[in-house]
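One structure below.
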Ligand code: Z2T
């Protein structure tokens, strides 16, 4: 009897084929957890702690089976019994414990850390409600709570508890662990998610996200903040952050003592990577804990400095956290005191250098500044971004600490983003270049086939099958029909003005006019958007509304709809991404240059054989460098231009709005058809914003964008050459494996030994 049959029989006393998908999900969950418990523990002295407010892990079942090396075995057995893993995974809720790129990066990193045999845990919070679920009603985004935790889940209750002291409360935490398995590796790591017993979810009214923000006891870990690099935080956010880092710091000390540390040598036992500033309070907290245990302040500060490294993920100033000292005094007065001492210490060392102060002239504490002074490393997430930090945003810090600055270009885990999301492409690669790429991420050998007609044809067939799979998925998930023979052109990411979804919408208006004028595209075009807007970010919600209304106008127009379709995927998340990305022909990476720190969707599309349409921003620069100008479409002002325009106030939206090719497109937002179907207030506000302010300069690159898109669609008609270029993109994607990124972090920052004990099948 097989392992699975055995588990099923024990649980339900019946054979596999008589079980429901939900029953099989439960059994597989138990089976994987038991397998995990049987794996050996790490034994190294030094351990990594990756602190992050977000871990956007996505569904775990098939990924865990894959990493444990039993995916095929289990899948085949299920198929033989008339079941399918894909259907079974429908029973799993997606844990959406992240907003976007930053949280997903943390999840990819945990996969790679474990796969590379590094002893490292993730430290975070067990939010009872993940990022809100997006529902469209009357072409508007509504935010509905996401109670993702069910009776059976990947969470394992841990008996560890810690006291966390605030001015008005002392809480006792609870801890939940989620196992992280490495691919072809036999030692697991864990996500350590701290929680509070008194948070129950009872204070949520059915279907709303309103709750009593002053009731800290009942809502501290209730919600993930729906912010993606904008909008100020508040007291509850300080509560969350301190709760996370205090638990994490206590855990580090306990585990280090267990492994033989005497605290003076703590930096030999632990290294902390802080994922943007959300966990920066770990610095004063660790100082507090060490001084409480008898070390001097200066000694403690040096230990903490030697064990803490900081990653910056944005230059948008709204997202650089600055806490009013008065707020810190109100919530965590002891920590506020330590921050004042850290500020004095640094001011004594750099007198008169106001640009690098922790506490500024308005009494606000700059979390990034604290993390740079009192850590040993600061890195950006793509080469261009790291250069901008050095030259512009953090240049005063670069002047005093040149050696702390380094770059770590982001990456993505190939386990989820090709093996799991695109099995047909993965199998095709196996047959062409041998399955070794699954361990090395080396796809370069594929280049040998770039002029092989049969291979090119095969890649095209794989892409078509993935379009069919997406078609089926969209039909069942939102009742939408797409044409599998159309060009699939996708922009999926958080909705933000700097990412310029509004610019793509203006292109669509151009195309709509063009088709009305009789210029029908040879191949029909489907443009898909996906992404959530922070609910308080009005203009972002207006952009969603505009696109939904526009798509309705196109659907209703029989002259246009056979040639152009616009779909806004509802509730975009990791699960949807895994269907969308493999089906794409065109990857839209059109942020205003200098604003997108890296991007990681760009890498996922490239790996899955889409061609990139992009500005020279974030990691797009490095993608272009690797594939060569013939295999990518770039346009628009470069980051130096844009940085200069901001510095000199040199952009004036009306200069562009009144151009002949632009004004009719923007004005269509207020056309009778749009106003008839849409919400006048939203449309007027958006039109006014774009034509008078356009803070993120959607209009500056619009004409070039239209021209390059037309060229791209025309080039698509040379099918063989197009597919040949997708092959070149896939072959050059190896650099963007997060295994490479993590190797770089380890070589330059963490210096941990890797335990190599492969469980190769
Ligand atoms: C986020 O997803 C990102 C940056 C943030 O700055 C916050 C959030 Cl929630 C505070 C993104 C960047 O926008 C993106 O360019 C980058 O690829 C990603 O982080 C991972 O580094």
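The values are calculated or read from the model by the stated rules, or taken from the named source; none is laboratory data. These numbers come from a predicted model, not from an experiment. Cβ atoms come from the backbone with ideal geometry, glycine included; neighbour counts cover every protein chain shown.
Looking at (1) touching a residue at least 60 places away in the same chain (Cβ under 8 Å); (2) within 16 Å of the ligand (Cβ to nearest atom); (3) part of a helix (DSSP H, G or I), find the lone condition where residue 103 falls short.
Result: residue 103 passes all but (1).
Check residue 229 against each of (1) at pLDDT below 95; (2) more than 27 Å from residue 404 (Cβ to Cβ); (3) out of contact with any strand residue (DSSP E or B) (no Cβ under 9 Å at 6 or more places or on another chain) and name the one condition it does not meet.
Only one criterion is unmet by residue 229, namely (2).
Could you please find all residues in the range 119-152 being farther than 21 Å from residue 100 by Cα and in contact (Cβ under 8 Å) with a residue 24 or more places away in the chain?
119, 120, 138, 139, 150, 152
Which one of 467, 463 is touching a strand residue (DSSP E or B) at 6+ places or on another chain (Cβ under 7 Å), assigned by TED's automatic domain parsing to the domain that holds residue 488 and outside any loop (DSSP other than H, G, I, E, B)?
Criteria check complete, one pass: 467.
Taking into account only those residues within the range 166-186 that are surrounded by fewer than 15 Cβ atoms within 10 Å (Cβ to Cβ) and out of contact with any strand residue (DSSP E or B) (no Cβ under 8 Å at 6 or more places or on another chain), which is nearest to residue 69 (Cα to Cα)?
Taking the candidates together, the pick is 169.
Which ones in the range 431-444 are surrounded by fewer than 17 Cβ atoms within 10 Å (Cβ to Cβ) and within 8 Å of residue 731 (Cβ to Cβ)?
The answer is 444, and nothing else.
Just the residues that are surrounded by fewer than 24 Cβ atoms within 10 Å (Cβ to Cβ) and within 19 Å of residue 381 (Cβ to Cβ), please, taken from the range 87-99.
Within the range 87-99, 99 is the sole residue that qualifies.
Is it the case that some residue within the range 489-506 is more than 16 Å from the ligand (Cβ to nearest atom), over 30 Å from residue 698 (Cβ atoms) and in the same structural domain as residue 690 (by TED's automatic domain parsing)?
No; the residues of the range 489-506 include none that is more than 16 Å from the ligand (Cβ to nearest atom), over 30 Å from residue 698 (Cβ atoms) and in the same structural domain as residue 690 (by TED's automatic domain parsing).
In this structure, does residue 643 turn out to be within 31 Å of the chain's Cα centre (by Cα), in a helix (DSSP H, G or I) and under 24 Å from residue 706 (Cβ atoms)?
no
Please verify whether residue 636 is more than 16 Å from the ligand (Cβ to nearest atom), within 26 Å of residue 390 (Cβ to Cβ) and outside any helix (DSSP H, G or I), treating the condition exactly as stated.
Yes.
Confirm whether residue 249 is assigned by TED's automatic domain parsing to the domain that holds residue 404 and either away from the ligand (no atom under 16 Å from the Cβ) or surrounded by fewer than 21 Cβ atoms within 10 Å (Cβ to Cβ) (or both).
Criteria met by residue 249.
With farther than 16 Å from residue 275 by Cα and within 16 Å of the ligand (Cβ to nearest atom) as the only criterion, which of 296, 326, 317, 300 stands out?
The unique qualifying residue is 317.
I'd like to check which helices (runs of 4 or more DSSP H) are fully inside the range 661-761 and have at least 2 residues that are within 30 Å of residue 306 (Cα to Cα).
738-745
Identify, by number, the condition in (1) out of contact with any helix residue (DSSP H, G or I) (no Cβ under 8 Å at 6 or more places or on another chain); (2) away from the ligand (no atom under 16 Å from the Cβ); (3) free of Cβ contacts under 8 Å to residues at least 40 places away in the same chain; (4) in a helix (DSSP H, G or I) that residue 236 doesn't meet.
The number of the failed condition is (1).
State all residues of the range 46-63 that are touching a strand residue (DSSP E or B) at 6+ places or on another chain (Cβ under 8 Å) and within 16 Å of residue 578 (Cβ to Cβ); if no residue qualifies, say none.
Across the range 46-63, the qualifying residues are 56, 57, 60.
Any residue at all in the range 74-83 that is away from the ligand (no atom under 15 Å from the Cβ) and within 16 Å of residue 181 (Cβ to Cβ)?
Scanning the range 74-83 turns up at least one residue that is away from the ligand (no atom under 15 Å from the Cβ) and within 16 Å of residue 181 (Cβ to Cβ).
Residue by residue, here is whether (1) assigned to a helix (DSSP H, G or I); (2) buried (at least 21 other Cβ atoms within 10 Å of the Cβ); (3) over 26 Å from the mean Cα position of the chain (by Cα); (4) at negative phi holds:
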site: 495; (1), (2), (3), (4): no, yes, no, yes
site: 502; (1), (2), (3), (4): yes, yes, no, yes
site: 505; (1), (2), (3), (4): yes, yes, no, yes
site: 509; (1), (2), (3), (4): yes, yes, yes, yes
site: 513; (1), (2), (3), (4): yes, no, yes, yes
site: 520; (1), (2), (3), (4): no, no, yes, yes
site: 535; (1), (2), (3), (4): no, no, no, yes
site: 539; (1), (2), (3), (4): yes, no, no, yes
site: 543; (1), (2), (3), (4): yes, yes, no, yes
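Of 87, 72, which residue is in a helix (DSSP H, G or I), under 18 Å from residue 416 (Cα atoms) and touching a helix residue (DSSP H, G or I) at 6+ places or on another chain (Cβ under 8 Å)?
The match here is 87.
If you go through the range 470-482 one residue at a time, how many are part of a helix (DSSP H, G or I) and out of contact with any helix residue (DSSP H, G or I) (no Cβ under 7 Å at 6 or more places or on another chain)?
Residues meeting the conditions: 7.
Restricting attention to the range 610-633, and to residues there that are more than 16 Å from the ligand (Cβ to nearest atom) and assigned to a loop (DSSP other than H, G, I, E, B), which single residue is surrounded by the fewest Cβ atoms within 10 Å (Cβ to Cβ)?
628
Filter the range 268-283 down to residues that are under 26 Å from residue 55 (Cβ atoms) and away from the ligand (no atom under 16 Å from the Cβ), then give me how many there are.
6
How many of the residues making up the range 591-609 are within 13 Å of the ligand (Cβ to nearest atom) and either assigned to a loop (DSSP other than H, G, I, E, B) or farther than 15 Å from residue 727 by Cα (or both)?
12
How many of the residues in the range 50-69 are more than 28 Å from residue 249 (Cα to Cα) and within 16 Å of the ligand (Cβ to nearest atom)?
The number of residues fulfilling the criteria is 0.
Being free of Cβ contacts under 8 Å to residues at least 60 places away in the same chain, away from the ligand (no atom under 16 Å from the Cβ) and either outside the structural domain of residue 397 (by TED's automatic domain parsing) or under 26 Å from residue 393 (Cα atoms) (or both) is the requirement here; does residue 265 meet it?
no
For the range 646-660, name all the residues that are in a helix (DSSP H, G or I) and over 32 Å from the mean Cα position of the chain (by Cα).
648, 654, 655, 656, 657
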